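Just so it is clear, none of the values below were taken in a lab; they were calculated from the coordinates. All values derive from a computational prediction rather than experimental measurement. As a convention, Cβ positions derive from the backbone with ideal geometry for all residues, glycine included, and neighbour counts pool all protein chains shown.
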Amino acid sequence: MTPEQKSLVTATVGTLKEHGVALTTYFYRRMFTHHPELKNVFNMGNQQNGKQQTALAMAVLAYAEHIEDPSVLVGALTKIGHKHVSLDIRPEHYAIVGKHLLASIGEVLGEAATPALLDAWGAAYQQLAALMSSLESGLYRNAVAQEGGWTGWRPFTVCRKVAESAEITSFYLYPRDGGNVAPFVPGQYVSLRLFLPELNLFQPRQYSLSNAPNQVYYRISVKREAGSPQHPSGMISNRLHEFVQEGDMVELASPAGDFVLAVDKPTPVVFVSGGVGQTPLLSMLEHLVTTGSQREIMWVHGSRNATVHAFRQPVAQLASDYDNVHQHFFYDSLEPHLKAEGHYEGIVDLRRLNGGALLREADYYLCGPTPFIRKQVQDLSAMGIPREAIHYEEFGPATLTL
């Protein structure tokens, strides 16, 4: 890009702040009109609730703000790259997106979209597309280079379906071809794809792997969510609960994600989760205890009540079996028989643990809804925990990261 083109892109920052979501909403509508087949790739639930439009607007704004040095966005772009690989996004998709994004800029901005401005954004997009395609091609190469690895969609069989609580059910998934599964780093997720007759579409969803790596099967633990044909959020989760049975087939993409346990570090670890956010942290916890790690481990989990608290007993058993594992549970409502050490009433509040004395040298791994993570990050920062020691994964588009 030329200096003049960078200046033109930077000059659009104010417009993007004010009208970015309107632009991306128009863009998605335009692209899906011309390429309805892409509805099989995108999460139509996030389209319905506006989360995807907002996340894209934030990404475009961040890129415009840092057009002089896009390298500062490497963390956010890496996270997006992993998500793209999990959805089997390929370089040719960038050409389609670029065509409709530039057309949308021209049609939404009208006379303000001068040929020079469109050329500048065209050059900026090509730069971003090249960066992302290079990053993703490396992830694809790594996926197929390991034993049991693959790219694209691979058939798996649901061999076991286990209710973990009133809301969460685990699915044990084995390759239908009888081969091994690719290893993964604790904390990663897989994309699962099902066909939804009510939408006449395939729909992918990401689910964290909730077991330690074993190269034989994957386990995902899924929360039942509200959903309907008009509001598709939760429809895949509901279908897994209600219709997918042992012996049925699902399709998976290979493991992806950069929210992972630093397996070689000796530091203590604190796992902090809300609701089904414990699933990637369970994989990390299981990996540590099964590999004989001596790292100090603190498990902090928040749930509405004991009825919906999945994996309560397995975690309690690990805390009983291993001296280096300590557990703390927070419930919105605490029943009398649960009022014991390590049990608290209210939302997760790390200041209530150990008299407010946290593990200062620890790495903190957080997972849950966006408001939950925002609170925990703010609390940890206020308590003097350095930002580089705080790692988090939010469900849905990565708005906090962006």
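Some observations on this one:
- Close amide H contacts of V222 (hydrogens built in the peptide plane, cut-off under 5 Å, sequence separation of 5 or more or a different chain): T169, S170, F171.
- Counting DSSP beta bridges with both ends in the chain, the antiparallel % (nearest 5): 55 percent
- Options (1) 24.1; (2) 22.6; (3) 22.0 - which one matches Kirkwood radius over Cα pairs in Å as calculated here: (2)
- Förster radius 35 Å - calculated FRET efficiency between A166 and R387, Cβ distance, rounded to 0.05: 0.45
- With the simple model of a label 7 Å out from the Cα in the direction of the Cβ, A316 to D264 spans 3.9 nm.
- Extension gain, E68 to L118, is 16.2 nm, computed as 0.36 nm per intervening residue step minus the present C-alpha separation.
- Value of [θ]222 nm, deg cm²/dmol, for the chain, DSSP H segments ≥ 4, -39500 (n - 2.57) each, nearest 500: -12500 deg cm²/dmol
- Mean separation of Cα pairs under 8 Å and 6 or more residues apart, divided by the residue count, gives segment 269-394 a relative contact order of 29 percent.
- FRET efficiency, 1/(1 + (r/R0)^6) with R0 30 Å, evaluated for F195 and E92 via beta carbons: 0.85
- Angstrom value of the Kirkwood radius, inverse mean 1/r, which spans all Cα pairs in segment 3-145: 15.7 Å
- The charge dipole of the chain, taken about its Cα centre with unit charges on the Cβ atoms of Lys, Arg (+1), Asp and Glu (-1) only, comes to about 440 debye.
- For the peptides 99-109, 267-277, 79-89, the ranking by mean Cβ contacts within 10 Å, running from highest to lowest, is 267-277, 79-89, 99-109.
- Dipole moment magnitude, nearest 20 debye, segment 154-252 about Cα centre, only Lys, Arg, Asp, Glu C-beta charged: 160 debye
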